[in-house]
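Here's the structure, in structure tokens; my notes come after.
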Amino acid sequence: MAISKAVKNTIDSVGKFTSVDMTHDPKWFINFMDEANCLPDHEIINRKLAEVLEPLDYKSIIELGCGTGNDVRYLLSIYPDVTEIVGVDLSEAMIAEANSRIIEGSRIRFEKGDGKHLHFDDNRFDAARAKLVLMHCDSIDTTLSELIRVVKPNGKVAIFDHDFDGLLIDHSDVKLTREIVERLSNKAKNNWSGRQLFGRFLNHGLVNVSVEAISVNLTLGVLRSMILGQEDMAHLSKAEQAWWEELVIKNEKGLFFASFIGFLVVGTK
Ligand SMILES: C[S@@+](CC[C@H](N)C(=O)[O-])C[C@H]1O[C@@H](n2cnc3c(N)ncnc32)[C@H](O)[C@@H]1O
């Protein structure tokens, strides 16, 4: 049974990270990010996104699409000498959550803002970062040029984005697995953002550009949230219900495996 359009419109899913405040349940997005950020490979990305800023002459950092502020808090914990980290996010719900988790007396500030037109002067920050953000933005190029604009000459820009066609799921039904991955990819705002970052950095004039591929091994829960959002399994076709059932059984046996490829790209202004 196909899902009716009316039902589809009320379902929150990762494709709506571009407009969290307009969704039925912004809390779902906060919970999703909390679950994703607990994946061991996300911790690796977070650490590498911090390490690429070394040696840390960078005293002032902007974190675009900061979400709940998870990565900002981590950055400050390992670089106590940083003077200022400004987390910017389009979503008021995310900013409110980030502020509720702020460490007292810290040099962190969270502000509502849109990556397409940042409310900061040129050359304001020593470095700029964004994790899992450009893949959800309306215009990657405008957002990237804004990040570059607010960074000082010789400052670094570090971005991690997934590539939606790089979702690999171990399943016996190859055809349906490909269909499900393709459908998810087609729904994404910028489905190839990951693989395009290298070229975009060069096109925007950044130098010393490096790329590292990092695959994030997923839990069944995170995969389910990525593909189905808040959709009820009961609305799926029989074939898709059977597809998920196989993954549940694999998971019970400790055989579940899914991994999502992304790219950490760093460049200097
Ligand atoms: C997938 S979440 C990632 C959050 C955080 N970077 C992390 O890894 O935990 C994407 C975030 O980008 C924000 N976002 C989407 N479009 C944006 C834009 N144009 N400007 C600023 N933030 C944006 C969303 O509100 C959301 O909080």
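The table below lists the values:
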read-out	value
Filtered residues of the stretch 66-111 (kept if basic (K, R) and under 22 Å from V52 (Cα atoms))	R73, R107, R109
Some residue of the stretch 34-48 being closer than 19 Å to I159 by Cα, away from the ligand (no atom under 12 Å from the Cβ), out of contact with any Gly (no Cβ under 6 Å at 6 or more places or on another chain) and not in a helix (DSSP H, G or I)	no
Test result for I78, hydrophobic (A, V, I, L, M, F, W, C), over 19 Å from D161 (Cα atoms) and more than 20 Å from the chain's Cα centre (by Cα)	yes
Matching residues, the stretch 121-146, being of a type in the set (A, V, I, L, M, F, W, C) and in contact with a helix residue (DSSP H, G or I) (Cβ under 9 Å, 6 or more places away or on another chain)	F125, A128, A130, L132, V133, L134, M135, C137, I140, L144
Residue ID - farthest from L218 (Cα to Cα), chosen from residues in the stretch 173-198 that are charged (D, E, K, R) and part of a loop (DSSP other than H, G, I, E, B)	K189
The stretch 90-118 residues that are under 13 Å from G67 (Cβ atoms) and in contact (Cβ under 8 Å) with a residue 24 or more places away in the chain, paired with ones that are loosely packed, with under 15 Cβ neighbours inside 10 Å and of a type in the set (A, V, I, L, M, F, W, C) (beta carbon under 8 Å, 6 or more apart)	none
Which listed residue is under 18 Å from I261 (Cβ atoms) and modelled with pLDDT under 95, from N217, N191	N191
Selection within the stretch 109-145 - among the acidic types (D, E) and either within 9 Å of the ligand (Cβ to nearest atom) or under 13 Å from N190 (Cβ atoms) (or both)	D114, D138, D141
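The values are calculated or read from the model by the stated rules, or taken from the named source; none is laboratory data. Since the structure is predicted, the reported quantities are computational estimates derived from the model, not experimental observations. Every residue, glycine among them, receives a Cβ derived from its backbone with ideal geometry; neighbour counts consider all protein chains shown.
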